Amino acid sequence: MTLTLADVTLTYPDGDGRLTALDRISLDVPAGTLTAVVGPSGSGKSSLLAVAATLVTPDEGRVVVAGTETMGLGRAQQAQLRREQIGIVFQQPNLLPSLTAVEQLQVMTHLSGGAVRGARGRALELLDAVGLADQAGRRPHQLSGGQRQRINIARALMNDPAVLLVDEPTSALDHERGAAVLDLLVALTRERSTATVLVTHDRTHLDRVDRAVRMDDGRLTAAEPV
Ligand code: ADP
Ligand code: MG
């Protein structure tokens with residue numbers, strides 16, 4: 001299993017008490033498959049991704065990424081694991097305004113200590129994979145919202161992660177563009193053999209995914225039919 005959450009509980013401080021954001025969550029995601037997590041706002045979906053990304057340490061439970069037990073790792077080791085094994089796509093693309101599309105991807109290699117120049121070929125290959133080969137020289141303001149989200153996705157794949165975590169990528173897009181982004185994520189999951197978790201409150205495209213689970217008040221409930 002490429003991503004495993006086992007009996008994960010996460011609480012946040014809340015006044016005098018604690019708010020349980022994740023309540024004994026268990027989830028297994030095999031390589032090359034996409035699991036969608038649906039559920040209302042505030043149900044804990046982003047918290048689940050944050051724990052899977054090792055950005056937040058749960059109170060209890062285990063998180064295993066590409067065979068590595070992450071709970072025993074120090075912060076520096078977790079950061080290295082994140083760089084090497086985890087691609088994260090947040091809701092807002094957060095592209096750097098002054099960089100071209102291909103440079104947005106090359107920056108990822110720079111941040112991991114690699115040679116930026118050598119990363120250009122891979123960056124162009126990934127832009128091609130997300131359908132933006134002809135936009136490599138454009139800056140964010142010259143691109144549409146959907147194109148920016150595709151760059152965001154390509155950027156997350158730059159270090160060839162085993163796990164791809166995507167938070168509400170279609171929420172700012174219209175129905176058609178949202179469907180296209182979801183198709184792209186399914187295709188990339190297959191091609192790149194990532195264990196992909198997609199958080200969405202949009203249930204209209206769930207026929208495209210391998211599995212859908214529902215989050216309610218910090219609990220994962222029965223799988224949704226897909
Ligand atoms: P979703 O992504 O499904 O909207 P979240 O994971 O963002 O849900 O939030 C789950 C619950 O945890 C909500 O009640 C939210 O208010 C709370 N929460 C999220 N992040 C924090 C935080 N950093 N500190 C305190 N409470 C938080
Ligand atoms: Mg959220």
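Key figures
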quantity	calculated
Where a residue in region 158-171 is small (Gly, Ala, Ser) and its partner, wherever it lies, is surrounded by 20 or more Cβ atoms within 10 Å (Cβ to Cβ) and in a loop (DSSP other than H, G, I, E, B), with Cβ under 9 Å and at least six apart	ALA162/THR2; ALA162/THR194
The one condition in (1) β-branched (Val, Ile, Thr); (2) under 23 Å from GLU168 (Cα atoms); (3) surrounded by 20 or more Cβ atoms within 10 Å (Cβ to Cβ) that ILE88 fails to fulfil	(3)
Filter result for the condition that a residue is under 23 Å from GLN77 (Cα atoms), modelled with pLDDT of 95 or more and either away from ligand 2 (no atom under 16 Å from the Cβ) or not charged (D, E, K, R) (or both), over LEU34, LEU48	LEU48
Filter result (within 30 Å of SER47 (Cβ to Cβ) and either at pLDDT 95 or above or assigned to a loop (DSSP other than H, G, I, E, B) (or both)) within region 90-112	PHE90, GLN91, GLN92, PRO93, ASN94, LEU95, LEU96, PRO97, GLN104, LEU105, SER112
Subset of region 12-49 (residues that are within 12 Å of ligand 1 (Cβ to nearest atom), β-branched (Val, Ile, Thr) and under 18 Å from THR170 (Cα atoms))	VAL37, VAL38
Restricting region 158-183 to residues that are of a type outside the set (Gly, Ala, Ser) and within 22 Å of ARG120 (Cα to Cα), the residue that is surrounded by the most Cβ atoms within 10 Å (Cβ to Cβ)	LEU164
Answer from ALA79, ALA115 - the residue that is in a loop (DSSP other than H, G, I, E, B) and surrounded by fewer than 16 Cβ atoms within 10 Å (Cβ to Cβ)	ALA115
Candidate set: region 163-217, residues that are under 11 Å from the mean Cα position of the chain (by Cα) and part of a loop (DSSP other than H, G, I, E, B); chosen: the one nearest to GLY114 (Cα to Cα)	THR194
Residues of region 55-76 satisfying the condition of being exposed (fewer than 15 other Cβ atoms within 10 Å of the Cβ) and at positive phi	GLY67
Among the candidates LEU143, LEU206, residue that is surrounded by 15 or more Cβ atoms within 10 Å (Cβ to Cβ), within 27 Å of ILE25 (Cβ to Cβ) and touching a residue at least 24 places away in the same chain (Cβ under 8 Å)	LEU206
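Yes or no, residue by residue, for (1) within 16 Å of ligand 2 (Cβ to nearest atom); (2) in contact with an Asp or Glu (Cβ under 9 Å, 6 or more places away or on another chain):
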residue	(1), (2)
MET1	no, yes
GLY15	no, no
SER43	yes, yes
ALA52	yes, no
THR57	no, no
ALA66	no, yes
LEU99	no, no
VAL102	no, no
VAL107	no, no
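The values are calculated or read from the model by the stated rules, or taken from the named source; none is laboratory data. Fair warning: this is a prediction, and the values are worked out from it, not measured in the lab. Virtual Cβ from ideal backbone geometry, glycine too; neighbours counted across all protein chains shown.
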